[in-house]
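For reference, the structure I am asking about is given below.
The values are calculated or read from the model by the stated rules, or taken from the named source; none is laboratory data. Being a predicted model, the structure only gives us computed values, none of them experimental. Heads up, the Cβs are rebuilt from the backbone with ideal geometry, glycines too, and the neighbour counts pull from every protein chain shown. With ligands, DNA and RNA removed, areas are computed over all heavy atoms of the protein, side chains included. Shrake-Rupley method; radii C 1.70, N 1.55, O 1.52, S 1.80 Å.
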Amino acid sequence: MKSTKPTDSNFYSKIKETKLILPGFLLAVVVGYLSFLFSEIIGEDILSFEKSPISPVMLAIIIGILVSNLVSIPESYDSGLVFSGKKILSFGIILLGFQLSISDIFASGLEGIPVVLGCIITGIIFTIFLSRMLGLPKNIGVLIAVGTSICGVTAIVATGPIIRAKKEEIAYAVSVITVFGILATIGYPYLANHLFENDPTKIGYFLGTAIHDTSQVTGSALLYADLFNQPLALEIAVITKLFRNICMIFVLPFIAYFTSASEETYQDKSSKNLQTKLKLSKYFPIFIIWFLLIATIRSLGDFSLEFNEKVFGIITEASWKEFGEILKKITVQLLVIALAAIGLNTRFANLKNLGLKPFTAGCLAASTVGIVSYLLIGAITL
């Protein structure tokens with residue numbers, strides 16, 4: 001009897017956790033479904049296009065934000081919305097790896113490394129300097145800097161404990177990053193197409209470096225791919241963004257050293273370094289590894305077709321391609337649900353106490369990173 005108690009306890013805890021997640025998750029699914037439905041009705045039935053130019057990705061974000069700010073969503077939905085905006089998004093990005101190949105990753109990603117590094121370095125230095133000029137609290141300046149330069153909310157959440165930021169400071173920085181990230185998600189596909197004249201490679205680099213959060217980059221690149229029928233831009237944007245995410249393991253120790261060198265409150269360096277390592281292992285986005293693994297499987301499967309009639313000797317070429325198409329549809333559906341959840345979790349009422357200074361810093365930082373990205377892309381592709 002004793003041996004069954006832990007199992008029973010785990011079973012009931014899982015049921016309880018599922019009940020907490022279910023309401024918010026189902027709401028995100030409904031908004032995602034409506035996004036696909038409205039996209040089809042507006043684009044095909046009303047505007048008479050063969051394929052709707054209205055992206056369900058954009059609609060998912062917009063409908064989510066409208067619902068969140070026009071209707072009072074109960075707090076019981078929060079757990080499911082957070083789950084959908086993080087876990088479902090990560091799983092969708094992992095599956096997105098099947099749309100790529102390792103050769104594409106290295107061919108596209110390596111050329112974009114100077115752009116990524118230039119945007120990260122410029123973004124961090126400029127934003128911290130600007131925050132000091134505006135008289136912002138030091139921690140908020142650092143958090144906005146890493147959020148703008150590396151990977152949005154994930155970088156802020158990972159950096160917060162390292163610099164001993166207060167919960168309010170983390171919330172402020174997340175709010176600033178979210179606002180400008182969502183604006184970029186919707187606006188940058190059109191801007192990028194104008195700036196780079198429908199060049200999917202340059203546009204992929206731009207979206208992958210100029211937009212903050214992984215979800216926002218993915219959403220913006222999906223929007224561009226839908227609008228202008230350029231799937232290559234989506235691939236390059238995701239690859240570029242994942243490389244930015246990887247840079248977090250190098251930037252966070254620097255941030256820890258920077259803050260500890262300028263403060264005398266850190267009395268035990270060895271314990272601080274240990275804490276930093278633990279936090280890095282906790283917050284580093286592991287889905288990057290799974291993404292690369294799925295892309296490797298896809299690459300090996302395609303490579304095996306060059307020497308055999310069947311993928312890995314067991315799957316026909318037709319079945320392999322059909323599986324890829326099915327997985328592609330599932331991937332888009334998961335990403336739309338995740339982005340709907342992010343929109344549903346964006347509440348402007350939480351931003352009214354921030355004041356203008358953090359938003360000024362966030363706006364100028366985002367604009368600067370975008371300009372640097374544009375200039376570096378032009379320089380490396382001459």
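Could you list, in sequence order, all residues of the stretch 300-331 that are touching a residue at least 12 places away in the same chain (Cβ under 8 Å) and hydroxyl-bearing (Ser, Thr, Tyr)?
Narrowing the stretch 300-331 to residues touching a residue at least 12 places away in the same chain (Cβ under 8 Å): 300-302, 305, 312, 315, 317, 320, 324, 327-328, 330-331.
Matches in the stretch 300-331: Thr331 only.
So Thr346 ticks every box in (1) assigned to a helix (DSSP H, G or I); (2) under 26 Å from the mean Cα position of the chain (by Cα) but one. Which box is left unticked?
(1)
Going by the structure shown, is Leu252 surrounded by 23 or more Cβ atoms within 10 Å (Cβ to Cβ) and touching a residue at least 12 places away in the same chain (Cβ under 8 Å)?
yes
May I ask you to list the residues in the stretch 205-237 that are within 13 Å of Gly112 (Cα to Cα) and open to solvent by 10 Å² or more (accessible area, probe 1.4 Å)?
Across the stretch 205-237, the qualifying residue is only Glu235.
Only one residue in Phe49, Phe11, Phe38 is more than 21 Å from the chain's Cα centre (by Cα), open to solvent by 80 Å² or more (accessible area, probe 1.4 Å) and at pLDDT 70 or above. Which one?
Phe38
Considering only residues that are in a helix (DSSP H, G or I) and surrounded by 14 or more Cβ atoms within 10 Å (Cβ to Cβ), which ones fall in the stretch 310-320?
Pass one, the stretch 310-320, residues in a helix (DSSP H, G or I): 317-320.
If the condition is that a residue be in a helix (DSSP H, G or I) and surrounded by 14 or more Cβ atoms within 10 Å (Cβ to Cβ), then Glu317, Trp320 are the ones that fit.
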